[in-house]
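All remarks here apply to the structure that follows.
Rule-based calculations on the coordinates, nothing more; no lab input. The model shown is predicted, which means the values in this text are computed figures rather than measured ones. In this analysis, Cβ positions are derived from the backbone assuming ideal geometry, glycine residues included, and neighbour counts consider all displayed protein chains.
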Amino acid sequence: MLSAVAKPFAALALAAALISVVLAALGASPAGVFAALGEGAFGSWYACVDTIVKSTPLVFTGLAISLAFSGALWNIGADGQLTIGAIAAGAVGPHLADFPHSIAIVTILAAGALGGAAWGGLAGWLRARRDVNEVISTIMLNFVAVQALSWVVHGPLMEPSRAYPTSSPIASAAQLEFYFAPSRLNLGMLLAVALAAACYLLLFRTGTGFELRAMGRNRRAATFFGVRIPALTVWAMAVSGALAGLGGAVQVSAISHRLYEKLSPGWGFEAIAVALVARLNPLAIVPAALLFGALDNGSQAMQRTQGISPELVQVIQGLVILIILAFDTPAWSGLREQIFGASSEEAAAVPPVAEMPDA
Amino acid sequence: MLRAIAITRRFGRTLALDGVDFEAIPGEIHALVGENGAGKTTLMNVLAGWLVPDHGEALLDGRALQAGSPRAALAAGIAAVHQSPMLFERMRWEENLALGGFDTGAGADALDLAAVAARARSLAAKLGFELPPAGATVENLSVAERVRLEVLRALSFNPRVLILDEPTSVLAPSQLSAFLDLLRNLRGEGRIVVLITHKLAEAIAVADRITVLRRGRVAARTTPAETSEEKLAGLMIGEIVTQPDASAARPHPGGPVLHVENLTLDDRTGRRILDRLSFRVAAGEIVGLAGVDGNGQTELVELLAGVRHPGSGKVTLHDGSSRAMAVIPQNRDLDGLILDMRLWENLMLARPIREQVTSHGWLNSWRASDLCRELIERFRIRAPGPETIAGALSGGNRQRLEVARAIASRPRLIVAHNICRGLDLAATAEVHRTLLEFTAAGGAVLLVSSDLDELLAICGRLLIISRGKIRETNPGDRDPQRLGLLMAGAGD
């Protein structure tokens, strides 16, 4: 039996073996390709920083997913929540020039968190009050968010010269500065790691976190023992959205400094894979996100030096996820139950668990 | 002939079956009796292809059955009815039955639900069952209705061997004799009927042979003529259980604790579920609420627990706060426990305990663990420790955990629904003793049950619920037959 820690690594090794076969079949040298991948992801100070920068939004959105999924709230809308958070940050950012740096930073990040919270909370409210399946509502709200971003950069927030579909740059007071410029190392990842710890404490060390997990594992029992399901649903979706929105605000504040279309390459969706690989454990989100960020980052070097298309990296990512899930994580069982509707009653009826005798 | 030879099956460190031999011949009803955890269900699961034994094999007419394949077992003619119904909650009952042999419609792909329903109704009429209205989804059915559905589904396969795991525990007394007649009919047709039960009177009444399991081994093979309930009970547990003494309950109850007035509830379709219920429960008494499942008890308990809201009427707790009530729901696996969480986490489901182990929102898991360890000790829950996953406990120990949690919540009132269903004699006696101690210390209990014998044994007062109406019985009226008629709705 592999331990929980060893499983992802075993899966990674298995994925690498499969990829090697594919590469060899394509006539490339697997060793050279993997070396380039590693070089691109961790080969230099800049490469490392870039990997961290690329992973940061995945940590925020991964935490958003893990929190919601822990309560069996299937938030597929982290991408939309991140986008709305970014729009909020991009909207207030240009107006913060006269404020001290610390206040400007807090304001722009709070704007992002509030925007994301509103977007996530809306889906939670629809679930709690109107029984709208949050999978559907969050997917739909993703489309709305993407179009909203497109609209604001062509309309109300378009930069004054009206030449490019971007917003005005945010005030420098509201920018998370780069340490060791020109590298893009910033406080974003530190904030993300702190939030990962906070999410862990919230889920496993507070009464509210317990209620959320109880709701996720057995909604009926939670109802029976006085957990206020509707309020908890709205709260959890809002907090989940806030985490994603904060990721969007950090991206605007530290990296992009302005809004433009397709700001997110799909972080909110990649985050689902990140969260599942991390088995919904907030502390494991950080290394899982770094793994995905490193694969993203390394792909460019791979393409440059080995002539391998970056699409192949997506193939690798897909294989890693599939293989890790095939090793059957609890997170996956939960999702499977949701999708195929297995109730805890049916799970209980499975003989090996239900039949353990007294003695 | 159905044979099991030297079946051994281990779960972790626990030996569930230890070299068990079993045989049943066509045209017999073979009762399999034993305590919770004796291995009855494990044996059934091996025979029905649900479990692969570690050693040994199962044979039907000399041919070995493919281990671990329910499909193969079914094809060979072995159908099983499980204790917790295995139905598709969100599908209609007709669709659930269509999975069996009822759908013999025109094409393989054509599903004629009307034909399924018609076949099911004609078979149910023969058995004296009533089926739910057309189109009802399983999640809205009572436990009894679910078990009936599952029996019907099993019979629809026209099985040569029918294995039933505690099928009678949810039947009304009036339905019981019809059900036992059904078993006799099946025997008359030359089928093999294996009846798993812990109701010894039933086993003696209907079985041709009885096999007693104790702790994974065959303790005895006997026939009704050679044995008695007392002898069987002794064989099952190997010791004599002392029944708790109901007279320990205070004869003069104290002040009122629960006051229910004119409680009325309609379901979504406007059908009346509860009809102007009024009753009181006082400190120091156990009030029994007897009724056949599906007469409004589940809704009443949910109302008291605050999961539902009444159409009209009032529930008053004389302590003022709803925290003063602890509810033990009937379906412990579905409503009462979170099976894949740890024992201490399950304790925390109860709000008073949750509040006791959190301060300013922060959870003190040490305190929760300590409390859990204490309760494991005090209520003799057989579990390695607080970190054990609730799903790893046997039914009896899950129930002990629920009772322990209710008591530890320090309520003034415990509302318990069918808490001894599926429990053996020893575990039942223990639960009853705990409730009697609780009332002796001034607590109040509302015990909702479909088991009249249980209620008569420990309740001071007895209410009967039928079709959503409650009537109080005379304290002196303890005639089970008359009360059984009232439960079945006579005199409405």
Task: Nearest-20 debye value, segment B:339-408 charge dipole, Cβ charges on Lys, Arg, Asp, Glu - done: 200 debye
Open item on the list: Among B:Pro475, B:Leu436, B:Ala38, whose Cα projects farthest towards the positive end of the dipole of chain B, with charges put on the beta-carbon of Lys, Arg (+1) and Asp, Glu (-1)?
Closed with: B:Leu436
- [ ] Would you tell me the mean number of C-beta atoms belonging to other protein chains that fall within 10 Å of each C-beta in B:44-56, as a whole number?
- [x] 1
TODO: Would you mind counting up the charge near A:Val313? Only other residues with Cβ under 15 Å from its Cβ, with Lys and Arg at +1 and Asp and Glu at -1.
DONE: -3
- [ ] Tell me what chain B gives for mean residue ellipticity at 222 nm when only DSSP H runs of n ≥ 4 count, each as -39,500 (n - 2.57), the sum divided by the residue total, rounded to 500 deg cm²/dmol.
- [x] -9500 deg cm²/dmol
TODO: Could you work out, residue by residue across B:338-346, how many beta carbons of other chains sit within 10 Å of that residue's beta carbon, and then give the average as an integer?
DONE: 5
- [ ] Please give the net charge around B:Arg209, taking every other residue with its beta carbon less than 12 angstrom from that of B:Arg209, where Lys and Arg add +1 and Asp and Glu add -1.
- [x] -2
Task: Helix B:113-127 vs. chain B, principal-axis angle (Cα, 0 to 90°, nearest 10) - done: 80 degrees
- [ ] Please list B:159-166, B:258-265 highest first by mean number of surrounding beta-carbon atoms within 10 Å per residue.
- [x] B:159-166, B:258-265
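Need one value for A:222-231: mean number of C-beta atoms belonging to other chains within 10 Å of its residues' C-beta atoms.
Working: counts 3, 6, 14, 18, 11, 3, 0, 1, 0, 0.
Taking all residues of A:222-231 together, the mean is 6.
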- [ ] Can you tell me the relative contact order of segment B:339-408? Whole percent, Cα pairs under 8 Å, sequence separation 6 or more.
- [x] 41 percent
TODO: Take the Cβ-Cβ distance between A:Tyr179 and A:Ala97 as r, set R0 to 25 Å, and report the resulting FRET efficiency rounded to the nearest 0.05.
DONE: 0.65
TODO: Rounding to the nearest 20 debye, state how big the charge dipole of the protein assembly as shown is about its Cα centre with +1 on each Lys and Arg Cβ and -1 on each Asp and Glu Cβ.
DONE: 760 debye
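Do the sum for chain A: with -39,500 (n - 2.57) for every DSSP H run of n ≥ 4, divided by all residues, what is the mean residue ellipticity at 222 nm, to the nearest 500 deg cm²/dmol?
On the way: 16 runs with 257 residues, N = 359.
Rounded to the nearest 500, the figure is -24000 deg cm²/dmol.
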Open item on the list: Checking the cross-link filter: which lysines have an alpha carbon closer than 22 Å to that of B:Lys231, excluding same-chain neighbours under 8 positions apart?
Closed with: B:Lys40, B:Lys199
Open item on the list: So if each residue of separation counts as 0.36 nm, and I subtract the Cα-Cα distance between B:Glu23 and B:Met86, what length gain in nm does that give?
Closed with: 20.1 nm
Task: By average C-beta atoms within 10 angstrom, highest first, the peptides A:68-75, A:130-137, B:48-55, B:409-416 - done: A:68-75, B:409-416, B:48-55, A:130-137
- [ ] Answer with one residue from A:Phe99, A:Leu280, A:Asn186: the one whose Cα lies farthest towards the positive end of the charge dipole of segment A:53-297, charges on Cβ with Lys, Arg +1 and Asp, Glu -1.
- [x] A:Leu280
Open item on the list: Could you check the spin-label model distance between B:Ser177 and B:Arg378? Points 7 Å from the Cα along Cα→Cβ, value in nm.
Closed with: 4.6 nm
Task: segment B:2-237: antiparallel DSSP beta bridges as a percent of all, rounded to 5 - done: 50 percent
- [ ] Just tell me, in residue order, which DSSP H segments of chain A are both 27 angstrom or longer along the helix axis (alpha-carbon based) and at least 0.5 in mean Kyte-Doolittle hydropathy.
- [x] A:6-26, A:45-70, A:101-130, A:134-154, A:229-250
TODO: Determine the dipole magnitude for chain A: charges of +1 sit on the beta-carbon of Lys and Arg, -1 on that of Asp and Glu, nothing else is charged, the reference point is the Cα centre, and the result goes in debye to the nearest 20.
DONE: 380 debye
TODO: Provide B:Asp275, B:Asp181, B:Asp333, A:Asp98 in ascending order of the number of other Cβ atoms located within 10 Å of each residue's Cβ, fewest first.
DONE: A:Asp98, B:Asp181, B:Asp275, B:Asp333
- [ ] Apply the Debye scattering formula to the protein assembly as shown, with a single equal point scatterer on each alpha-carbon and no solvent, then give log10 I(q)/I(0) at q = 0.07 Å⁻¹.
- [x] -0.65
- [ ] Please figure out what share of the DSSP beta bridges in the protein assembly as shown is antiparallel and state it in percent, rounded to the nearest 5.
- [x] 50 percent
Open item on the list: Quick check on chain B: of the DSSP beta bridges with both residues there, what percent are antiparallel, nearest 5%?
Closed with: 50 percent
Task: Relative packing of B:147-155, B:62-70, which averages over residues the other C-beta atoms within 10 Å, highest first - done: B:147-155, B:62-70
